[in-house]
1. Scan the stretch 22-59 residue by residue and report those that are modelled with pLDDT under 95 and hydroxyl-bearing (S, T, Y).
2. If I ask for residues that are assigned to a helix (DSSP H, G or I) and under 22 Å from R111 (Cα atoms), which ones from the stretch 29-79 would you list?
3. Please go through the stretch 67-81 and pick out each residue that is surrounded by 17 or more Cβ atoms within 10 Å (Cβ to Cβ) and without any contact (Cβ under 8 Å) to a residue 60 or more places away in the chain.
Amino acid sequence: MKIYRIAEDIDAIYYHVTLTSNIASILENGLNPSTPDDMEDENGVYMFRSLDDVHNALMNWLGERYEDRYGEDIDLAILSIDSRGVSNKKFNQSVGYEIMSYNRIPPEFIRVVETGQ
C-alpha cells in the first residue's frame, strides 16, 4: 500500500490577517470559521500560503477592504498558523494563494507574526 501526502501540507505555515484588537481572543479561543459581512464567501477561516502573499494582499485588495470598512488608521495583525492545526481545508486553485479551513483552528497552533502597533 502506498500512502501519499501533499508536499505543501508537511510542516507548512499559513498566515491569517485580523484586527489587532482580536489577538487576545484568538490566542485564547482560536480562530472560528466565519463569513465576512462585506463578502459573499463560504464560511471558513481564510489564510494565505506565504508572508509575501499577505503583504501583497494588504498593499492591494485586502488593505483597501480593511480601510474601507474601518478607516485608514486601522491596526492589523498577521498571525502564523501551524498547518497541523488546520483540518477540513481546501486550496483555492483559481487564485493560488488562498487556503480555507471549514473547522475551528485551536489557539495552540497560532502565533502573532506582526502587528500594526
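1. Residues satisfying the conditions are S34, T35, Y46, S50.
2. N29, L51, D52, D53, V54, H55, N56, A57, L58, L62, G63, Y66
3. Result: L76, single match.
The values are calculated or read from the model by the stated rules, or taken from the named source; none is laboratory data. This one's a predicted model, so the numbers in the text were calculated from it and none came from an experiment. Virtual Cβ from ideal backbone geometry, glycine too; neighbours counted across all protein chains shown.
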